[in-house]
Structures are given as C-alpha cells and as structure tokens.
Amino acid sequence: MLTYASERLWEEVAYVAYYLHWSLDQILDLEHPVRTRIIEEIGKTNRQISQED
C-alpha cells in the first residue's frame, strides 16, 4: 500500500539507484524508514566529499 506521494517514491528510487546502482526491486523491497535512512547517509557522504574539495 502506497502511503505517500508516488512522485516522492520515484525520486527516492532514482537517488538510491544512481548512487548505489541497486535494482528497482532491491530498492522497493526496503521499508520506507530504511530507504529514508540510506538517502540521508548518501546525502551526508556527498556533503562531506564536497567540503573536502
């Protein structure tokens, strides 16, 4: 059951797929809180790398 906007779901899927190269099925199998945490960690890593440059 979809509990939040499908547009947001596609944004999350695209973000994780781009950075981790996971398949659509792998990403959709994640519970929303886990997917959100992964997205936060990817963002944190990107900010750290940007600050090092």
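Numerical summary
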| quantity | calculated |
| --- | --- |
| Residues that are under 19 Å from residue 46 (Cβ atoms) and out of contact with any helix residue (DSSP H, G or I) (no Cβ under 9 Å at 6 or more places or on another chain), drawn from segment 19-33 | 21 |
| Qualifying residue in segment 25-40 (condition: surrounded by 10 or more Cβ atoms within 10 Å (Cβ to Cβ), in a loop (DSSP other than H, G, I, E, B) and not hydrophobic (A, V, I, L, M, F, W, C)) | yes |
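Each reported figure results from applying straightforward, stated rules to the coordinates on display, with no laboratory input. Since the structure is predicted, the reported quantities are computational estimates derived from the model, not experimental observations. With ideal geometry, Cβ positions are generated from the backbone for all residues, glycine too; neighbour counts draw on all protein chains shown.
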